[in-house]
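Notes follow the structure.
The values are calculated or read from the model by the stated rules, or taken from the named source; none is laboratory data. A quick note: this is a predicted structure, and the numbers were derived from the prediction, not measured. Note that we place each Cβ from the backbone using ideal geometry, even for glycine, and neighbour counts take in every protein chain shown. We work out accessible area using only protein heavy atoms, side chains counted, and drop any ligands, DNA or RNA first. Shrake-Rupley method; radii C 1.70, N 1.55, O 1.52, S 1.80 Å.
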Amino acid sequence: MTLFGTAGIRGPVEDVSPSLALSVGQAAGEPGTTFVVGRDGRETGPALAAAMEAGLESAGADVRRVGRVPTPALAFASRGRRGVMLTASHNPPSDNGIKLFVDGVEYDSNAEALIDEQVSAEESGLASWEAWGRSERADVLGEYRDAVADYVRTRFADRAPLSGLSIAVDCGNGVGALATPQVLDALGADVVGVNATVDGHFSGRESKPTPETLTEFSEFLAEGSFDLGLAHDGDADRLVVLEPDGSVVHEDTVLAVAAEHYAAGSDVSDPVVVTTPNASARIDERVREAGGRVERVRLGALHEGIARERGRADENAAVVFAAEPWKHIHVPFGGWIDGVASAAVVAALVAEAGDVASLREPVTERPYRKVSVDCPDRLKADAMARLESELPAAFPEAGVDTDYGVRLEFADASWLLVRPSGTEPYVRLYAESDEVDELVAEGRSVIETAIEAAR
């Protein structure tokens, strides 16, 4: 496959162009199907959406145009049919992207491969003139916002679970501004929106919310009197959580807190949380404490991990939550990554705990590092094959998992993961330990030796 990465098709508009959108639409569409088509706030979105709609309709599919919406709202609208979201998520405004859904779930790798093959073969997929589809305008935002609010009310058994909570939300000039402040307000919070107008240039800050890009928002929180800060990326599938003093809560701590909540609240004897190899062992610790277990799947494939666990058909087990850092699937609500639902659930957990500090207090937060080691693409396969044996030999006391890179787990809950980057000439090293610098140094030495031997 050449078109699809870990989050659909994404890249500069010179590559993710109207002509590509037309081709993907014709490859995905077929007579008798219905697609909802939405877009984020990028300047290139209208033209890309028009091309996608033309491709789908000329292939025989009917189209429901929902306009500017968060990606989770589009996924919600794709239940019982198919969907296309035109978004590059947290990428800069000069990029765009295409993400496909079926019945509320992202296309799996097999479905993406079929699209890729048809586009690569330049097969038009054009239907006969009498079979072309039709399009109409549809509104999903109101229904989606109501559904998120009702889900949280039911989950926390409270009509106004955020009553008395003061929340600042930095929407980053993305389409999250159309949903998150409204949902939090409906749940009883006192909400202040920051960068809460949709702007395709992302003029308030860069679309990707990081401690560096959230500096002004952090200062705003510290100077105010808020109980909680929340921040989104351009399409509101990501959520960043901040303390009242403006400090960013580690993404794995947020994941651990939410995972524990779902595992503890499950009515099955074996609740399962699906996460990715780069996620912290703190998640495993909190889920075990709640009586559940953690299973991992490759990065960007949470939906495939959910399907895998469900396919094991154990009547005592159920997937209750799935997440990778910053991105969460609230399985009882739907099968898509949803930053708006995450904002509402995390806010309700803060209200229940009393404050952010109390909510995160049970989580053991060890020092964490992520390091990129130079490695040409042509050497990656050989280097990783060597590391499958050389890393365990260097750390004989560790448990080893080689399903998605090489992950080593130690008795004190420290861990190290090594995996090749799928987009850049690096091998990535992730580590978490009370002695993280020493662990990283030793792990990096093994990686560099393996890369050199692969030359």
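What's the number of the condition V191 fails, among (1) within 21 Å of the chain's Cα centre (by Cα); (2) surrounded by 21 or more Cβ atoms within 10 Å (Cβ to Cβ)?
Among (1) within 21 Å of the chain's Cα centre (by Cα); (2) surrounded by 21 or more Cβ atoms within 10 Å (Cβ to Cβ), V191 violates only (1).
Looking only at segment 259-278, which residues are part of a strand (DSSP E or B) and open to solvent by less than 10 Å² (accessible area, probe 1.4 Å)? Walk me through how you get there before you give the answer.
In the first step, residues of segment 259-278 are kept if they are part of a strand (DSSP E or B); the result is 270-275.
Those that are part of a strand (DSSP E or B) and open to solvent by less than 10 Å² (accessible area, probe 1.4 Å): P271, V272, V273, V274, T275.
Considering only residues of segment 209-223 that are of a type outside the set (A, V, I, L, M, F, W, C) and surrounded by fewer than 19 Cβ atoms within 10 Å (Cβ to Cβ), which is nearest to the chain's Cα centre (by Cα)? Give the steps one after another, and end with the answer.
Initially, segment 209-223 is screened for residues of a type outside the set (A, V, I, L, M, F, W, C), giving 209-213, 215-216, 218-219, 223.
Checking which are surrounded by fewer than 19 Cβ atoms within 10 Å (Cβ to Cβ) leaves us with 210-212, 215-216, 219, 223.
Values: T210: 15, P211: 18, E212: 20, T215: 22, E216: 24, E219: 26, E223: 30 Å.
Among those that are of a type outside the set (A, V, I, L, M, F, W, C) and surrounded by fewer than 19 Cβ atoms within 10 Å (Cβ to Cβ), it is T210.
If you check G80, G45, G60, which single one turns out to be open to solvent by less than 10 Å² (accessible area, probe 1.4 Å), out of contact with any helix residue (DSSP H, G or I) (no Cβ under 9 Å at 6 or more places or on another chain) and modelled with pLDDT of 95 or more?
Numbers: G80 fails: open to solvent by less than 10 Å² (accessible area, probe 1.4 Å); G60 fails: out of contact with any helix residue (DSSP H, G or I) (no Cβ under 9 Å at 6 or more places or on another chain).
Among G80, G45, G60, only G45 is open to solvent by less than 10 Å² (accessible area, probe 1.4 Å), out of contact with any helix residue (DSSP H, G or I) (no Cβ under 9 Å at 6 or more places or on another chain) and modelled with pLDDT of 95 or more.
Considering each of A75, A51, A88, A47 in turn, give the residue that is under 24 Å from D233 (Cα atoms), without any contact (Cβ under 8 Å) to a residue 60 or more places away in the chain and not charged (D, E, K, R). Step through it out loud before you land on a result.
Numbers: A75 fails: without any contact (Cβ under 8 Å) to a residue 60 or more places away in the chain; A51 fails: under 24 Å from D233 (Cα atoms); A88 fails: without any contact (Cβ under 8 Å) to a residue 60 or more places away in the chain.
None of the other options fit; the residue is A47.
Can you list the strands (runs of 3 or more DSSP E) found entirely within segment 22-131 that contain at least 2 residues being over 19 Å from the mean Cα position of the chain (by Cα)? Before you say what the answer is, go through the steps one by one.
Numbers: elements: 34-39, 62-68, 82-86, 95-102.
Of the strands (runs of 3 or more DSSP E) lying wholly inside segment 22-131, those with at least 2 residues that are over 19 Å from the mean Cα position of the chain (by Cα) span 34-39, 62-68.
For segment 419-431, which positions are assigned to a loop (DSSP other than H, G, I, E, B) and either surrounded by 22 or more Cβ atoms within 10 Å (Cβ to Cβ) or under 22 Å from the mean Cα position of the chain (by Cα) (or both)? Break it down stepwise before answering.
So the first thing to find is which residues in segment 419-431 are assigned to a loop (DSSP other than H, G, I, E, B), and the list is 421-425.
Passing the criteria: S421, G422, T423, E424.
Can you report the number of residues in segment 194-208 which are closer than 13 Å to A231 by Cα and more than 19 Å from the chain's Cα centre (by Cα)?
As a first pass, look at segment 194-208 and keep what is closer than 13 Å to A231 by Cα: 194-196, 204-208.
Narrowing further to those that are more than 19 Å from the chain's Cα centre (by Cα): 194-196, 204-205.
Within segment 194-208, residues that are closer than 13 Å to A231 by Cα and more than 19 Å from the chain's Cα centre (by Cα) number 5.
Which residue is nearest to S372 (Cα to Cα), if the candidates are limited to segment 401-432 and must be among the polar types (S, T, N, Q) and out of contact with any Lys or Arg (no Cβ under 6 Å at 6 or more places or on another chain)?
Initially, segment 401-432 is screened for residues among the polar types (S, T, N, Q), giving 402, 414, 421, 423.
Add one more test, that the residue is out of contact with any Lys or Arg (no Cβ under 6 Å at 6 or more places or on another chain), and what stays is 402, 414, 423.
Details: T402: 19, S414: 19, T423: 12 Å.
Top of the filtered list is T423.
Among the residues that make up segment 139-151, is at least one of them farther than 25 Å from V320 by Cβ and open to solvent by 30 Å² or more (accessible area, probe 1.4 Å)?
Filtering segment 139-151 down to residues farther than 25 Å from V320 by Cβ leaves 139-142.
Subset that is open to solvent by 30 Å² or more (accessible area, probe 1.4 Å): 139.
The answer is yes; a qualifying residue exists.
Could you please find all residues in segment 351-368 being open to solvent by less than 50 Å² (accessible area, probe 1.4 Å), in a loop (DSSP other than H, G, I, E, B) and under 20 Å from G229 (Cα atoms)?
Selection gives V363 alone.
For A88, indicate whether it is on the phi < 0 side of the Ramachandran plot, surrounded by 24 or more Cβ atoms within 10 Å (Cβ to Cβ) and not charged (D, E, K, R).
Numbers: on the phi < 0 side of the Ramachandran plot: yes; surrounded by 24 or more Cβ atoms within 10 Å (Cβ to Cβ): yes; not charged (D, E, K, R): yes.
Answer is yes for this residue.
Looking at segment 42-64 only, could you name the residues that are acidic (D, E) and under 22 Å from S89 (Cβ atoms)? Spell out how you get there, then give the answer.
First pass over segment 42-64, keeping only residues acidic (D, E): 43, 53, 57, 62.
Listed by number, the residues that qualify are E43, E53.
Cβ-Cβ below 9 Å, separation at least six or inter-chain, first residue in segment 188-214 and touching a residue at least 60 places away in the same chain (Cβ under 8 Å) and under 25 Å from G164 (Cα atoms), second in a loop (DSSP other than H, G, I, E, B) and open to solvent by 30 Å² or more (accessible area, probe 1.4 Å): which pairs?
A189/A160; A189/S163; A189/G164; A189/D227
Looking for whichever is open to solvent by less than 30 Å² (accessible area, probe 1.4 Å) and assigned to a strand (DSSP E or B) here; the options are V346, V371. Which one fits? Can you show your working first?
On the way: V346 fails: assigned to a strand (DSSP E or B).
After applying the criteria, what remains is V371.
Of all residues being under 30 Å from the mean Cα position of the chain (by Cα) and closer than 26 Å to R378 by Cβ in segment 432-455, which is most open to solvent (accessible area, probe 1.4 Å)? Just the residue, please.
R444
Quick one: how many residues across segment 140-171 are assigned to a loop (DSSP other than H, G, I, E, B), more than 23 Å from the chain's Cα centre (by Cα) and within 26 Å of V194 (Cβ to Cβ)?
Keep residues of segment 140-171 that are assigned to a loop (DSSP other than H, G, I, E, B), which gives 140, 156-165, 171.
Still in the running and more than 23 Å from the chain's Cα centre (by Cα): 156-165.
Going one step further and asking which of them are within 26 Å of V194 (Cβ to Cβ), we end up with 156, 160-165.
Of the residues in segment 140-171, 7 are assigned to a loop (DSSP other than H, G, I, E, B), more than 23 Å from the chain's Cα centre (by Cα) and within 26 Å of V194 (Cβ to Cβ).
Would you mind finding the one in A281, A313, A290 that is free of Cβ contacts under 8 Å to residues at least 12 places away in the same chain, surrounded by fewer than 24 Cβ atoms within 10 Å (Cβ to Cβ) and small (G, A, S)? Full working, then the answer.
Details: A281 fails: free of Cβ contacts under 8 Å to residues at least 12 places away in the same chain; A290 fails: free of Cβ contacts under 8 Å to residues at least 12 places away in the same chain.
Testing whether each residue is free of Cβ contacts under 8 Å to residues at least 12 places away in the same chain, surrounded by fewer than 24 Cβ atoms within 10 Å (Cβ to Cβ) and small (G, A, S) leaves just A313.
Specify which of the listed residues (V191, V254) is part of a strand (DSSP E or B), modelled with pLDDT of 95 or more and not hydroxyl-bearing (S, T, Y).
V191
Being assigned to a helix (DSSP H, G or I) and surrounded by fewer than 24 Cβ atoms within 10 Å (Cβ to Cβ), is that true of even one residue in segment 224-245?
No; the residues of segment 224-245 include none that is assigned to a helix (DSSP H, G or I) and surrounded by fewer than 24 Cβ atoms within 10 Å (Cβ to Cβ).
Do you know which of the residues in segment 384-418 that are more than 29 Å from the chain's Cα centre (by Cα) and small (G, A, S) is least open to solvent (accessible area, probe 1.4 Å)?
A398
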